[in-house]
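Q: First the structure, then my questions, so here it is.
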Ligand code: ADP
Ligand code: MG
């Protein structure tokens, strides 16, 4: 650091050394080849270059085929050793844009073959240190800045955009406030470079253009201390990639670009002027202060630094003039001589020795001055001094110098005296003034720096504000959209509600209709049920009728049987009577009579058997008739079944009934026929018998038989009559029964129908009740909604009321005020009617305003109520969103944790690797020098701790400055 450098005057004797100029020629690039540019450079020797017959001689020419490593070896390798020996060094690349400056200085970072000078120097410095004495402790720090439009921008801290250049007490220039980063490994240096490069890219749209218009300066400061001898050395190395040196006219720049170009060219022309001044040997005034670039490079150009300039050239014919001027620049720079010396900080002993030496020298000079004064006195007093007695100036100076004593030029000048035309007083005065002016200039620079930083901060703030505003606007827009969306939602919800209400009304109407229908149906149902009961009643009655008729029929039958048996008895009695009479009349008669009697008996018995057979026949008939009846009944049953199943069969049934009737009728006729035939048969038999008996018996018997026959005829006829009457009755009853059965059938059918109808109705009713339930539910809901609405309305009304009250209060207040002012005014000026009118107008205006406001408020309240209705929905949505957000947060947390774990693992791995590398380095170094990385407050914590080195105070991201 400049502050720790040894003061200039008592330092070691400086060596004169000229600036090394090396020219590097790149190959023709593809675009140059495309336009057919020719390679116009020739290399007669390895240190000369010929361009169209003009020869330039440099320290070395690097031809297009030279490798990056060779470039480094010839240009920069020696500088590493110099810097570590306490010398200052500078390497800068000069040339037009795309001539290969950056390629030379940086190359391809990270590519071992294509990397340029800077990364190779860094690696070499550390390799060097690793091989050095273990008693040496190193402090290495780097700065990185660019100069654009004559403003110094810190590339390691983008907030520093306009740094100023100052001089320390030894007149060594430095960039005030530039970030200095302490580094302990090549990786850290490369990191700083990467960071600086990425910062350079920030806020630059076209990097190529920018880099061709700006200078980039990388500064490595190596401080070393011998732990035993406490000898301290300090070497500074500037590595500069200059802006393109081309003329403005060629790039065709305009406006701001032209300004930039002028500025760049200003610093470059300042550089040219400085070099010209130095080349001309005019060291009294070198215009370093013309630009920041030249101020920074003040030490490198004509000062205390070993400087190497790499002149980068394009070989293309197209670039001939630029190449020529570049080569001329190099030619001029080559003549500059620097005086370099080791930057050594002396120990107390060293200082003591130096002091002794100075004292001795002083004494010698004093005696010399005395001698000179004596000689002068002699001369002035008019004596002449022989040439042998004269003091030999040169010899005495060299004798003093040979003793290792430095004679300052000022001392020389003063001792030589009035050789210069400017008086000493004048010179000191001017010097003082100049220093003052420079101090003022520096102050101004500082001020400029401060203000520019302030401007930068303000700009940042402004940007932030703008961002805030834009984000606010965005938010506003989003809210507006949300609002619009909510409003549309609201509208749609309103519509929905309307629809629902309509639907409800419809439903209510439907419900009413349905209930009416149900009522009607119920009434119908009741009527039907009544009818049904009536029918069942009648059916029951018919049933009972039927039973009674059945009873009567059976009764009749019984009676008939009784009658029959009675008849038979009667017949038997008759027979007996007939027999008895014969025996009484014939008791007293002869055997003839007896014979006759037996014949009669026989006859009677025959008659009896006849009667018996008749009875059995009648019985048979009866049973057959009952059977037929039974059959009829089954037929009727079947018929009824048929009736039940198919109504169509009714017709058939009736026809069948009719046929049955016919059959019955025929049967009866047949029966009657049979009866008549039987009678005839009986008659014929009786006649036959009578004939037989007539033939055998006497005439007297004929009367008796005729009487008997007559009696029998009478009996038979009555019997016949009775039978037919009974049969008729049976038929009648049967038909009645049939009719009744039919009726019964019909009724049961009707009953079934009714039952089905009833079931249907029941089902319908249950359906209706279900619907009713639904409707009642809906109505309930509606009621609830209505109540909610009512509540909202109430709140709105309340709010309105409060507003109204407020308004009233306001109006009252206003009126009071107006009245007061009015009174006041009246006091002041009784007839100020115009003012009154104005006030009234004002009041009315205010009232209008108020009314409008109330309206707006009402509207708002309504909106609010609507929105409140919307609120639960939104809340629900919100809840869902919150849940989602929670879920996402959880996921995020997990992801974060995962990332943290990964990071930790990664960090761990990195630490492990770093440790391993360090161990390796240590092993490689063995007992080598140490690199300390002191820690200071505010130091960048990213770096690894210095291992194996004493951590000393000071360092870090310190800002240099005169201390
Ligand atoms: P400058 O920094 O002077 O504007 P660059 O260093 O960016 O120019 O070089 C311009 C282009 O030419 C780059 O693509 C670079 O790789 C190429 N280049 C420069 N010098 C050489 C060289 N000696 N050999 C090969 N390519 C080169
Ligand atoms: Mg470049």
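The values are calculated or read from the model by the stated rules, or taken from the named source; none is laboratory data. Quantities reported herein were computed from a predicted structural model and do not represent experimental measurements. In this analysis, Cβ positions are derived from the backbone assuming ideal geometry, glycine residues included, and neighbour counts consider all displayed protein chains.
Q: Quick check on this structure: which one of 75, 104 is within 16 Å of ligand 2 (Cβ to nearest atom), in contact (Cβ under 8 Å) with a residue 60 or more places away in the chain and in contact with a helix residue (DSSP H, G or I) (Cβ under 7 Å, 6 or more places away or on another chain)? Talk me through it step by step, then tell me what you get.
A: Numbers: 75 fails: within 16 Å of ligand 2 (Cβ to nearest atom).
Answer to the selection: 104.
Q: Residues of the range 284-305 being in contact with a helix residue (DSSP H, G or I) (Cβ under 8 Å, 6 or more places away or on another chain) and assigned to a loop (DSSP other than H, G, I, E, B), which ones? Spell out the reasoning first.
A: Filtering the range 284-305 down to residues in contact with a helix residue (DSSP H, G or I) (Cβ under 8 Å, 6 or more places away or on another chain) leaves 285-295, 297-298, 301-302.
If the condition is that a residue be in contact with a helix residue (DSSP H, G or I) (Cβ under 8 Å, 6 or more places away or on another chain) and assigned to a loop (DSSP other than H, G, I, E, B), then 285, 286, 287, 291, 297, 298, 301, 302 are the ones that fit.
Q: Residues 57, 140, 61: which one is more than 16 Å from ligand 1 (Cβ to nearest atom) and either more than 51 Å from the chain's Cα centre (by Cα) or over 30 Å from residue 449 (Cα atoms) (or both)? So that I can check it myself, show each step before the final result.
A: Numbers: 140 fails: either more than 51 Å from the chain's Cα centre (by Cα) or over 30 Å from residue 449 (Cα atoms) (or both); 61 fails: more than 16 Å from ligand 1 (Cβ to nearest atom).
Residue meeting the stated conditions: 57.
Q: Quick check on this structure: which one of 82, 111 is touching a strand residue (DSSP E or B) at 6+ places or on another chain (Cβ under 9 Å) and either more than 16 Å from ligand 2 (Cβ to nearest atom) or without any contact (Cβ under 8 Å) to a residue 12 or more places away in the chain (or both)? Please lay out each step first, then the result.
A: Working: 111 fails: touching a strand residue (DSSP E or B) at 6+ places or on another chain (Cβ under 9 Å).
Residue meeting the stated conditions: 82.
Q: How many of the residues in the range 27-36 are within 14 Å of ligand 1 (Cβ to nearest atom) and assigned to a loop (DSSP other than H, G, I, E, B)?
A: First pass over the range 27-36, keeping only residues within 14 Å of ligand 1 (Cβ to nearest atom): 27-33.
Keeping just the survivors that are assigned to a loop (DSSP other than H, G, I, E, B) gives 27-29.
Within the range 27-36, residues that are within 14 Å of ligand 1 (Cβ to nearest atom) and assigned to a loop (DSSP other than H, G, I, E, B) number 3.
Q: Can I ask one more? What do you reckon, is residue 133 touching a residue at least 12 places away in the same chain (Cβ under 8 Å) and surrounded by 19 or more Cβ atoms within 10 Å (Cβ to Cβ)?
A: On the way: touching a residue at least 12 places away in the same chain (Cβ under 8 Å): yes; surrounded by 19 or more Cβ atoms within 10 Å (Cβ to Cβ): no.
Answer is no for this residue.
Q: Among what's in the range 231-263 and is within 15 Å of ligand 2 (Cβ to nearest atom) and at pLDDT 85 or above, pick the residue that is farthest from residue 96 (Cα to Cα). Give the steps one after another, and end with the answer.
A: Applying the first criterion (within 15 Å of ligand 2 (Cβ to nearest atom)) to the range 231-263 yields 239-246, 251.
Narrowing the set further to residues that are at pLDDT 85 or above leaves 239-245.
Values: 239: 18, 240: 14, 241: 11, 242: 9, 243: 8, 244: 4, 245: 4 Å.
My answer is 239.
Q: What are the pairs, 6+ residues apart or on separate chains, where a residue within the range 187-211 that is within 15 Å of residue 148 (Cα to Cα) and touching a residue at least 60 places away in the same chain (Cβ under 8 Å) has its Cβ under 6 Å from a residue that is more than 16 Å from ligand 2 (Cβ to nearest atom) and part of a loop (DSSP other than H, G, I, E, B)?
A: Cβ pairs passing all conditions: none.
Q: Going through 204, 217 one at a time, which residue ends up being under 21 Å from residue 459 (Cα atoms) and within 16 Å of ligand 1 (Cβ to nearest atom)?
A: Details: 217 fails: under 21 Å from residue 459 (Cα atoms).
Result: 204 is the single residue among 204, 217 that is under 21 Å from residue 459 (Cα atoms) and within 16 Å of ligand 1 (Cβ to nearest atom).
Q: Which count do you get for residues in the range 181-222 that are in a strand (DSSP E or B) and more than 16 Å from ligand 2 (Cβ to nearest atom)? First the steps, then the outcome.
A: Our first condition is that a residue be in a strand (DSSP E or B); within the range 181-222, this holds for 181-183, 215-222.
Keeping just the survivors that are more than 16 Å from ligand 2 (Cβ to nearest atom) gives 181-183, 219-222.
Total meeting the criteria: 7.
Q: Restricting attention to the range 10-26, and to residues there that are more than 16 Å from ligand 1 (Cβ to nearest atom) and in a loop (DSSP other than H, G, I, E, B), which single residue is surrounded by the most Cβ atoms within 10 Å (Cβ to Cβ)?
A: 19
Q: Across the range 87-124, which residue is farthest from residue 333 (Cα to Cα) among those that are more than 16 Å from ligand 1 (Cβ to nearest atom) and crowded, with 23+ Cβ neighbours inside 10 Å?
A: Residue satisfying both the conditions and the ranking: 122.
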